[in-house]
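Visitor: Following this message is one structure expressed as structure tokens.
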Amino acid sequence: MYLGWTETEMTITENKITINSAPLQREVACTILLPDEADIAEPLNLLLLNDGQELENLQLTETLLKLYNSNRIKPVAIVAIHAGDERLQEYGVAGKPDFKKRGAKADLYTDFVKNELLPEIDQLIPLKSFESIAFAGFSLGGLSALGIAWNNPGIFNKVGVFSGSFWWRSKDLGKGYTDADRIAHAMIRESNNKPNMQFWLQTGTKDETADRNKNGIIDSIDDTIDLIKELEAKGYQRPGEIQYLEVVNGSHNAATWGKAMSKFLCWAFGK
């Protein structure tokens, strides 16, 4: 399917598919972005993206075109998974709902990704294998991407988290909460494994105003830095295996994430 490289400018093909998911008991819409080239010499990469309904706001197609036409990234198939009405239940960490019981369907969403979406991608893009497979997401979708990738290292080798909801916790702040109750941090800390994986994390200095410990640093940044510390305690190294981008004046929105997207794509699939 992808055999040689032409000198013409790259274009992007956009296709939409719908999967009638048995575990989620709903139709899941996905948008697939593919380089529109008959001949590409390099192996194809794969990126799964949560909150795919934000593609237009992220201006992802425009970013991809700029990167392709300046020869900065390798070919990548992007499968953007649109969130449903139960986003707060389907995203999160499988088997570990938060203190409000949100994320109770994260295991079902994982089942969908592994056993329905990936086989469908294999049918649509018939390759022996992808050069690399990454999972990325925004806010709670970023937490979801990290959880699924971490627990399935045989599938994924790269993770991108934009303004991740690493505050996701098993106890309410007023009911005995400590930093040890943060679910993503505990997932990494309590794991017996060190997956062969690379991590790209982003925050914005204006992601929020909350500051639980009153140290003058917003929780979004504190929680992300603490997650990096957990990864380092596992033996991951910066910058080779962990990249962190802090966007000055960056907010918790698609405009900021869209501007940071080129850095993520170059990190994940750069030449």
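The values are calculated or read from the model by the stated rules, or taken from the named source; none is laboratory data. Because the structure is a prediction, the values reported are computed rather than measured. Using ideal geometry, Cβ is built from the backbone for each residue, glycine included, and neighbour counts are taken over all protein chains shown.
Conditions (1) of a type in the set (Val, Ile, Thr); (2) loosely packed, with under 13 Cβ neighbours inside 10 Å, marked per residue:
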residue: GLY176; (1), (2): no, yes
residue: ARG182; (1), (2): no, no
residue: ILE188; (1), (2): yes, no
residue: ASP211; (1), (2): no, no
residue: ASN215; (1), (2): no, yes
residue: SER220; (1), (2): no, no
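Visitor: Still on this structure, please answer the following. If you go through segment 121-153 one residue at a time, how many are surrounded by fewer than 17 Cβ atoms within 10 Å (Cβ to Cβ) and over 23 Å from GLN243 (Cβ atoms)?
Guide: Selection size over segment 121-153: 8.
Visitor: Let me ask another. Look at GLY160 and say whether it is under 24 Å from ASP223 (Cα atoms), touching a helix residue (DSSP H, G or I) at 6+ places or on another chain (Cβ under 6 Å) and surrounded by fewer than 19 Cβ atoms within 10 Å (Cβ to Cβ).
Guide: On the way: under 24 Å from ASP223 (Cα atoms): yes; touching a helix residue (DSSP H, G or I) at 6+ places or on another chain (Cβ under 6 Å): yes; surrounded by fewer than 19 Cβ atoms within 10 Å (Cβ to Cβ): no.
No.
Visitor: Moving on to the next point. Among the residues of segment 124-141, is there at least one that is out of contact with any Pro (no Cβ under 6 Å at 6 or more places or on another chain), closer than 24 Å to LEU46 by Cα, modelled with pLDDT of 95 or more and part of a helix (DSSP H, G or I)?
Guide: So far as segment 124-141 goes, yes, one or more of its residues are out of contact with any Pro (no Cβ under 6 Å at 6 or more places or on another chain), closer than 24 Å to LEU46 by Cα, modelled with pLDDT of 95 or more and part of a helix (DSSP H, G or I).
Visitor: Looking at segment 226-251, which of its residues are crowded, with 17+ Cβ neighbours inside 10 Å and over 18 Å from LYS158 (Cα atoms)?
Guide: Residues satisfying the conditions are VAL247, GLY250.
Visitor: If we scan segment 152-163, do we find a residue that is in contact with a Ser or Thr (Cβ under 7 Å, 6 or more places away or on another chain), part of a loop (DSSP other than H, G, I, E, B), closer than 22 Å to LEU47 by Cα and in contact (Cβ under 8 Å) with a residue 60 or more places away in the chain?
Guide: Step one: list which residues in segment 152-163 are in contact with a Ser or Thr (Cβ under 7 Å, 6 or more places away or on another chain), which gives 157-158, 163.
Still in the running and part of a loop (DSSP other than H, G, I, E, B): 157, 163.
Then keep just the ones that are closer than 22 Å to LEU47 by Cα; that gives 157, 163.
Cutting the leftovers down to in contact (Cβ under 8 Å) with a residue 60 or more places away in the chain gives us 163.
Scanning segment 152-163 turns up at least one residue that is in contact with a Ser or Thr (Cβ under 7 Å, 6 or more places away or on another chain), part of a loop (DSSP other than H, G, I, E, B), closer than 22 Å to LEU47 by Cα and in contact (Cβ under 8 Å) with a residue 60 or more places away in the chain.
Visitor: If we keep just the residues of segment 40-56 that are among the acidic types (Asp, Glu) and part of a loop (DSSP other than H, G, I, E, B), which is modelled with the highest pLDDT?
Guide: Restricting to residues being among the acidic types (Asp, Glu) and part of a loop (DSSP other than H, G, I, E, B), the top hit is ASP51.
Visitor: Quick check on segment 57-73: of everything there that is within 11 Å of LYS271 (Cβ to Cβ) and either among the β-branched types (Val, Ile, Thr) or in a helix (DSSP H, G or I) (or both), which residue is farthest from the chain's Cα centre (by Cα)?
Guide: It comes out as TYR68.
Visitor: State whether one or more residues within segment 95-113 are under 16 Å from the mean Cα position of the chain (by Cα), part of a loop (DSSP other than H, G, I, E, B) and on the phi > 0 side of the Ramachandran plot.
Guide: no
Rundown of residues vs (1) within 30 Å of LEU265 (Cβ to Cβ); (2) of a type in the set (S, T, N, Q), yes/no style:
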residue	(1), (2)
SER170	no, yes
GLY174	no, no
ASP179	no, no
MET187	yes, no
ASN193	yes, yes
GLN198	yes, yes
GLY204	yes, no
LYS214	no, no
ASP219	yes, no
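Visitor: What about GLY204, is it out of contact with any His (no Cβ under 9 Å at 6 or more places or on another chain), in a strand (DSSP E or B) and modelled with pLDDT of 95 or more? Walk me through how you get there before you give the answer.
Guide: Values: out of contact with any His (no Cβ under 9 Å at 6 or more places or on another chain): no; in a strand (DSSP E or B): yes; modelled with pLDDT of 95 or more: yes.
Taking the combined requirement at face value, the residue does not satisfy it.
Visitor: Follow-up question, since we're still on this one. Looking only at segment 219-240, which residues are touching a Gly at 6+ places or on another chain (Cβ under 9 Å) and not hydroxyl-bearing (Ser, Thr, Tyr)?
Guide: Answer for segment 219-240, where residues must be touching a Gly at 6+ places or on another chain (Cβ under 9 Å) and not hydroxyl-bearing (Ser, Thr, Tyr): ILE221, ASP223, LEU227.
Visitor: Out of the residues in segment 68-91 that are touching an Asp or Glu at 6+ places or on another chain (Cβ under 9 Å) and under 15 Å from SER21 (Cα atoms), which is surrounded by the fewest Cβ atoms within 10 Å (Cβ to Cβ)?
Guide: GLY84
Visitor: Could you list, in sequence order, the residues of segment 170-201 that are closer than 21 Å to ASP51 by Cβ and in a strand (DSSP E or B)?
Guide: Once the filter is applied, which keeps residues that are closer than 21 Å to ASP51 by Cβ and in a strand (DSSP E or B), segment 170-201 yields PHE199, TRP200, LEU201.
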